[in-house]
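Notes follow the structure.
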Amino acid sequence: MDIGLTTLREEDIAKHLSMAQSMIERTSVTIPDEDGRSSTEIAGTRRRFVSTVSTGGLKRSADVRVVQTIAAISPDDQMMSIAQHGLTFRLRRALAVGYAVRDVFARQTELESLNQQNKSSPLTGDTATRFHKLLGTGAFVSLFTAASYLLQNIEADAQPVGETPDPIFDFDTAPEAYKAFLYGLAQSIEGSPDDEQMLARAKAFARATLEGLMARRARFEHLSVFEETHIRLDGDDFTLNGFDIEERSRRKPLVMTFKKPNEVIGNHIAKYQSMKLAKMLMAYDFDRQLNPFVELGGFLFTFIGDGYPGTGKTTLIQMIAGIMKDYCDTAGYAFHYENFGVDQISSYQGKSGQNCKQFITNVMDTRVIGFGTVDDIDQVAAKRSDDRSSAGQQEITAVLMESFSGANTVVRGNCSFGMFSNYPENVDDALRQRAGARWVVNGPQTADDYIDIFALLAGKNHDIPVGDHELYAAQKIEEAVATVYEEHNRPHEEGLAKVFDRLTSEIGKPDTLAEIGRYLHGIKEAEPRFTGRAIKNITDAVKMRAMDIELPDEWFETPEVFMHQPYDTKLAMVSELRGPITIDMMIQEINRYADSEFRYTDKSDATAVERIVRDQRVRERAAGEIADLKGKGLWNA
């Protein structure tokens with residue numbers, strides 16, 4: 001969904017700073033009584049006395065001084081520490097930003113006009129009811145914004161010690177919502193042993209507040225306007241995309257051995273499309289949060305690469321990450337690469353899913369160009385039908401399926417995910433079909449490939465002549481890819497070839513959409529897992545072939561030529577290079593995709609057959625040994 005951009009200005013925030021400052025210094029809030037709990041702890045414990053008399057309807061007033069609470073964390077020092085100053089500043093700014101976003105919401109709805117009418121004469125009847133509902137929704141928006149601001153801007157690596165207090169919510173007006181929030185925040189950070197725990201507790205309370213708000217979201221009628229709003233505050237690098245909860249983590253410098261394209265031998269289509277993918281990502285527009293390739297078609301959001309061990313999957317990952325990193329350095333963009341592996345599977349229930357969700361969130365961060373990989377995905381994510389898999393593997397499968405093509409998946413074009421496996425037939429069918437492209441990573445294939453890879457790995461510390469061979473001539477990517485694409489004019493797998501031959505013997509080579517449809521239906525009859533999602537992946541691949549344009553290298557040498565251009569200019573520049581879709585493209589992409597499905601099925605069936613044969617051989621051998629022992633009278637000895 002392409003949502004409208006609203007940029008907050010500093011003057012919009014400045015007019016609310018004085019009110020925010022007064023609130024964090026001192027405010028009074030009326031809160032429900034704590035179920036009769038005494039304010040004094042029982043000696044020797046951290047528990048409080050609980051009365052047996054019901055006091056659920058009572059309320060009490062509390063004096064909240066957040067700045068004083070923050071300063072009290074280091075009572076021996078009259079001056080605040082840098083961390084304490086930082087939290088105070090961020091808190092004041094969070095409240096002011098929340099007020100400014102509430103103003104945006106008021107302008108988008110009747111709240112602003114009704115507020116003006118109420119000032120001149122009190123509203124009555126249905127108008128007053130509508131006004132109060134809008135005031136409550138505005139309070140919700142303000143608090144959501146302030147908590148989101150803190151969550152994104154507090155840098156805390158530690159985990160909070162102890163339980164986070166449950167937030168108290170008051171949605172009468174934005175100031176009342178803030179008062180309850182400040183009371184809970186002060187309770188959360190009070191007594192922190194050091195600055196690290198103070199920040200960890202403040203961030204945890206902001207997260208708990210957002211979770212509580214999302215649980216209460218259905219109570220408010222007028223949130224649909226805010227849900228489709230994209231708000232940006234450039235000075236603080238703060239982004240609000242409706243009700244998306246984004247948590248910014250401190251990014252560590254990328255430490256990785258990068259590979260150049262000429263160091264990848266073979267794997268021509270995979271190498272070619274990965275180089276295209278790197279350039280596609282650099283067309284992303286950070287202001288519009290959209291990529292022309294998403295709008296025009298052909299953007300590669302997810303792909304799966306499969307091949308035997310040692311065929312170059314890791315080298316391919318290092319090449320893609322290296323190209324993206326170089327482009328991002330040139331443009332001045334942040335680049336984030338992350339791999340999700342078996343070490344992030346946890347024995348604690350729910351933790352594996354949380355780790356996977358955080359991985360997805362980090363890579364999809366709209367402020368960066370992201371590339372995420374799941375290496376050995378057959379070990380990380382499990383088939384849902386596999387009762388031998390762990391609960392953690394099942395959690396990861398569910399998160400990846402929802403994130404890659406779920407109801408809430410939004411592809412903006414700033415990131416891509418690659419899944420890699422030596423045994424893709426062991427990946428859950430539904431998850432595998434969420435991969436928009438299939439890359440066969442088969443490594444060196446020809447004699448020229450083997451000469452090139454041996455010469456590359458042997459290095460230069462020798463005087464042995466190359467011989468009758470032009471080094472790396474076979475790796476000229478355009479020529480190699482054209483040859484590989486043409487090889488898919490006919491299927492490779494035996495099962496698919498039978499379907500293709502039967503169709504061509506009846507009608508000849510398909511050259512209309514109706515004949516293509518009959519071919520697809522024939523594949524479905526031979527392979528039941530060839531579903532509508534497979535058709536979508538094929539059409540996306542065809543669109544990518546139509547967008548298989550060579551973006552000039554000059555566009556990426558300096559950022560001003562293309563990467564820093566406005567979105568509409570980028571869109572026009574890319575559109576001019578787009579080519580038409582041809583029938584050959586369609587047949588080749590159908591054959592490429594369907595070949596992979598038949599290959600996975602054949603591998604899976606072959607593995608199952610081998611297992612049954614092995615089990616039967618073991619049984620026969622055991623039966624023979626048992627008979628031999630019985631003959632010797634040793635079976636019951």
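The values are calculated or read from the model by the stated rules, or taken from the named source; none is laboratory data. Predicted model only: the values in this text are computed from it and were never measured. All Cβ positions, even for glycine, are placed from backbone atoms using ideal geometry, and neighbour counts span all protein chains on display. Surface accessibility is based on the protein's heavy atoms, side chains included, excluding ligands, DNA and RNA. Shrake-Rupley method; radii C 1.70, N 1.55, O 1.52, S 1.80 Å.
Positive end of the dipole of segment 56-194 (Cβ unit charges, origin at the Cα centre): among P122, S148, T109, the Cα lying farthest that way belongs to P122. The C-alpha atoms of the chain define a longest principal axis, and helix 313-331 lies at about 50 degrees to it.
Using C-alpha pairs under 8 Å with a sequence gap of at least 6, the mean separation divided by the residue count of the chain gives a relative contact order of 12 percent. Of all DSSP bridge pairs formed entirely within the chain, close to 35 percent run antiparallel. Taking each of K276/K570; K59/K203; K357/K536; K271/K524; K259/K325 in turn, the alpha-carbon distance tops 18 angstrom for K59/K203; K357/K536; K271/K524.
Rounded to the nearest 20 Debye, what is the dipole magnitude of the chain about its Cα centre when Lys and Arg each give +1 and Asp and Glu each give -1 at the C-beta?
Magnitude of the dipole: close to 1860 debye.
Normalised per residue, the accessible area of segment 337-413 is 44 Å², obtained with a 1.4 Å probe and no contribution from ligands, DNA or RNA. Quick check: at a probe of 1.4 Å, how many percent of the accessible area of segment 209-299 sits on carbon and sulfur atoms? It is 47 percent, rounded to a whole number. For the pair D501 and R518, label points projected 7 Å from Cα toward Cβ lie 1.9 nm apart. Peptides 414-427, 7-20, 503-516 ranked from most to least packed, by the mean per-residue count of other Cβ atoms within 10 Å: 414-427, 7-20, 503-516. Report, to the nearest 10°, how far helix 391-405 tilts away from the longest principal axis of the Cα atoms in the chain, using its own Cα long axis and a range of 0 to 90°. Between the helix axis and the principal axis of the chain, the angle is about 90 degrees. In this structure, A572 and D244 have a Cβ-Cβ separation that, at R0 = 41 Å, corresponds to a calculated FRET efficiency of about 0.90. With respect to the chain, whose longest principal axis is taken over its alpha-carbon atoms, helix 351-364 is tilted by about 90°. For the pair D234 and K460, a Förster radius of 60 Å applied to the C-beta separation gives a FRET efficiency near 0.75, rounded to the nearest 0.05.
Over the chain, the Kirkwood radius and the radius of gyration, each from Cα atoms, give a ratio Rg/Rh of 1.06.
Could you please state how large a percent of the accessible area of segment 495-637 is carbon and sulfur, counting protein chains only and using a 1.4 Å probe?
Of the solvent-accessible surface of segment 495-637, carbon and sulfur hold 55 percent.
Note on the chain: helix-only mean residue ellipticity at 222 nm, from DSSP H runs of 4+ residues weighted -39500 (n - 2.57) and normalised by residue number, equals -16500 deg cm²/dmol. The stretch between S347 and A128 holds 73.4 nm of extra length on full extension. This uses 0.36 nm per residue minus the Cα-Cα distance. Surface composition of segment 385-472: carbon plus sulfur atoms hold 53% of the accessible area, using a 1.4 angstrom probe and ignoring ligands, DNA and RNA. Over what distance in Å are the Cα centres of segment 320-348 and segment 83-141 separated? Their Cα centres are 40 Å away from one another. Multiplying the residue separation of E625 and N489 by 0.36 nm and subtracting their alpha-carbon distance yields 43.5 nm.
Leaving out ligands and nucleic acids, and using a 1.4 Å probe, what accessible area per residue does segment 124-178 come to in Å²?
42 Å²
Per residue, segment 500-637 exposes 59 Å² of accessible surface when a 1.4 Å probe is rolled over the protein heavy atoms with every protein chain present.
Over segment 186-252, the alpha carbon radius of gyration divided by the compact-protein estimate 2.2 N^0.38 Å works out to 1.39. Between A72 and R216, full extension at 0.36 nm per residue minus the direct alpha carbon distance yields a gain of 48.5 nm. Annotation: peptides 337-345, 612-620, ranked by per-residue average of other Cβ atoms within 10 Å with the highest first, follow the order 337-345, 612-620.
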